[in-house]
Structures are given as C-alpha cells and as structure tokens.
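First up is the structure itself, then whatever we jot down about it.
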Amino acid sequence: MNDKDLYRDLCKTEPSIPIFSKDWWLDAVCNQGEWDVIVIEKNGNIIGAMPYYKTRVNGLNVITMPPLTQTLGPWIKYPLNQKYANKLSLEKEVYSDIIERLPDYDYFIQNFNYRVTNWLPFYWQGFQQTTRYTYTVDNLGDLNEVLSRFKDNMRNKIKKSRNIVSVIKDGCIEDFYAINKKTFERQGLKIPYSLDFIIKKDKVLCERNCRKIFFAIDNEGRIHSALYLVWDELSSYVHMVGEDPELRKSGAGILLIYDSIKYTKENLNLNCYDYEGSIIEPVEEVRRACGGMQRPYFAVSKTNSRLMKCKQALNLIKQAILNQ
C-alpha cells in the first residue's frame, strides 16, 4: 500500500485526526490541484502523517491550503502517559522525516492545527512561522455558564432576536450560498468559491452526517442570518456564515452562534466549539464577545524559489523605507 492508501485506512479508525485533514474532506475540496500525504511508520505502526495540497500558481509549484480548509499540519500518534521529553523527541523525529520527504516546491505554507504547539524542527530546516488565532468555546457542560461568558450586549441581542426570528435547522444549500454571498458583497468582495463547489462539498458532508445549517427566518420568510456548522470527534466548527446586510440589526447572527453552541453540547455531545478564527478586527471582536478563548496556531512557510525570495526581499526593503 502507498502512503495515500495507508492514510485513508488510518482516517477510518483514528478519531484524533481533525475533519480538515480527513481524506474524504481533501477529496471534496482539492479541485484546483491534488492532495497527497506523507505517512511515517515505525516497527510496522503509523506514528505520524501530514497531508498536503499541491497546485501551480503563476508557473510555480506551491504547497498551500486547499479552499475552505482551516488547518492541516502534522499529526502524531502519541503513546499513553508519555514523558514530555520523549514527546518532544518523537515530534523531532516525525517532523524531520516529513520535511525530508516533502516533494519539490517553490513555496510552502500550511496552517497547523492549534493543538500542534511545537514547530521547532521546521525552524531548524529553514521554515518561518507567523502566529495566527482562532477562538474556541470550551467546557460546554453548563450552557447557562457558557452564556454568562458572552458580553452583556451580545446576550441582549440574543433576547431581542428571539422575538424577531425563528431558528430553522437545515434547509436548501442554495439558500445558504445566496446569504453567504451577500456577506462578501457587503464588503465589496467577490465570493471566492462557486455554488457548484459548495454543492459538491455539502453533499459529501451530508453523506458523512457532519454538518448542520442554521437559518434565522422572520415571519415574512426572510433569512436574516445563516450559519454552517461542521464537526468531527473533537469539536464543532463555525465553517461559514452569512447575513442579509439590510437585516443585520436583528441580532440573528449572535442567536445562531448560541444555538449552534447549544446544538454542539446537546445533540453532538461535544465539549469544544471552534470559531475557525479570524484576524479581521471586527470579526475577532465578535468572537471574543461571544465567549471565545484565544488559541494561537502556526502558519508555517518556506520559500525555495530564488525569484520569490528576491521579490520578498524587495518588499521588505520597501516597507522599511516607508516606515522611516
């Protein structure tokens, strides 16, 4: 069996592999390139793996993030009750083997899952790192206590919106795409994925029973807000959202956040809710105000192309001049 076949079998039985690194997820999203994986074995057992997505950008070989995929990065099977020093040694061994087996590339960038807290072996091999953030709501056992973590204004929006809209779970993916598209248009942006892409991806998630779409709809049938939730054995994730710009004052988006947290606890029996992060200031503010705890994660990169290195150096020089 090749590494990809080994990894497909591993994904069937290993609950600690996040949804964005599952083989079937990568099959669904990698439509402008192809994904592959490096599997590390020892004594006949798989001890580590790292899937990656490779494509061509302006004639260059690039390993990057697939569309609508929060994180990838390395995965390790840690022995039970492992000493911390041995854990770091295992990470060095596995990560070093992964780096050595990466295919040729001009540019590499991956967002590692926030549970990966050690990128030092990548640093030793010439990689760089930028810290980014997601926000999670953990310890969902007491939903009243979870709600108390929301800022007062957010709790008030939830109360207000319950008198304006009803929350409907599931519905037409085309309706979700339409409201999702409005969010981009409000910011003067073109939606970065097609309806066909979303339909294909949604079909896969439905087959796996790991998605739910929440709609906030008023008595006139207008969709105020929508939230697309996905999950694995570790957490649920706010994967996509959408709001009607003309109806944002209803506070329905905040209501859907709380109701999807409630769904995560009561229906999925999970204890973690992941906002999938954002470094956009207004979005970060909402995540924080809705009980989110900051979780740093690594964006790890490396440039091998001489042309790209020259361009990056020029950009740094220009920035230094502007900052004088």
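The values are calculated or read from the model by the stated rules, or taken from the named source; none is laboratory data. Values in this document were obtained by computation on a predicted structure and should not be read as measured data. Glycine also receives a Cβ, built like all others from the backbone with ideal geometry; neighbour counts cover every protein chain displayed. Areas reflect the complete protein model, heavy atoms only, side chains present, ligands, DNA and RNA absent. Shrake-Rupley method; radii C 1.70, N 1.55, O 1.52, S 1.80 Å.
Hey, can you tell me all the residues within region 104-129 that are open to solvent by 80 Å² or more (accessible area, probe 1.4 Å) and either more than 30 Å from Ile254 (Cβ to Cβ) or in contact with an Asp or Glu (Cβ under 8 Å, 6 or more places away or on another chain) (or both)? Listed by number, the residues that qualify are Asp104, Thr117, Tyr123, Trp124, Gln125, Gln128. Criterion applied to Ser21, Ser96 was being within 25 Å of Asp232 (Cα to Cα) and either over 15 Å from the mean Cα position of the chain (by Cα) or of a type outside the set (A, V, I, L, M) (or both), and the one residue passing it is Ser21. Residue pairs whose Cβ atoms lie under 9 Å apart, separated by 6 or more positions or on different chains, with the first residue in region 279-297 and in contact (Cβ under 8 Å) with a residue 24 or more places away in the chain and the second of a type in the set (Asp, Glu) and surrounded by fewer than 17 Cβ atoms within 10 Å (Cβ to Cβ), are Met293/Asp138. Of note, Lys151 satisfies the criterion of being more than 24 Å from Thr55 (Cβ to Cβ), touching a residue at least 12 places away in the same chain (Cβ under 8 Å) and open to solvent by 80 Å² or more (accessible area, probe 1.4 Å). Total residues in region 161-173 satisfying the condition of being open to solvent by 80 Å² or more (accessible area, probe 1.4 Å) and either in contact with a helix residue (DSSP H, G or I) (Cβ under 7 Å, 6 or more places away or on another chain) or assigned to a loop (DSSP other than H, G, I, E, B) (or both): the figure is 2. Of everything listed in (1) more than 20 Å from the chain's Cα centre (by Cα); (2) farther than 19 Å from Ser161 by Cβ; (3) in a strand (DSSP E or B); (4) not charged (D, E, K, R), the single unmet condition for Ser301 is (1). With the requirement that a residue be under 24 Å from Leu307 (Cβ atoms) and touching a Gly at 6+ places or on another chain (Cβ under 8 Å), what does region 24-81 give you? Tyr53, Lys54, Thr55, Arg56, listed by residue number.
For region 251-271, the set of residues classified as open to solvent by 10 Å² or more (accessible area, probe 1.4 Å) and under 12 Å from Glu233 (Cα atoms) consists of Leu268, Asn269, Leu270, Asn271, listed by residue number. State all residues of region 297-324 that are modelled with pLDDT under 95 and either within 30 Å of Asp259 (Cβ to Cβ) or touching a Lys or Arg at 6+ places or on another chain (Cβ under 7 Å) (or both); if no residue qualifies, say none. The one that is modelled with pLDDT under 95 and either within 30 Å of Asp259 (Cβ to Cβ) or touching a Lys or Arg at 6+ places or on another chain (Cβ under 7 Å) (or both): Thr303. The conditions of being touching a His at 6+ places or on another chain (Cβ under 8 Å), modelled with pLDDT of 95 or more and over 24 Å from Gly277 (Cα atoms) are not met by Val230.
Is it true that some residue in region 234-246 is without any contact (Cβ under 8 Å) to a residue 40 or more places away in the chain, within 30 Å of Arg115 (Cα to Cα) and loosely packed, with under 15 Cβ neighbours inside 10 Å? No.
Taking region 188-218 as the range and being farther than 24 Å from Ile261 by Cα and open to solvent by 100 Å² or more (accessible area, probe 1.4 Å) as the test, the residues that pass are Lys190, Asp196. Across region 82-103, the qualifying residues are those that are among the acidic types (Asp, Glu) and surrounded by 13 or more Cβ atoms within 10 Å (Cβ to Cβ), and the one among them that is nearest to Thr134 (Cα to Cα) is Glu91.
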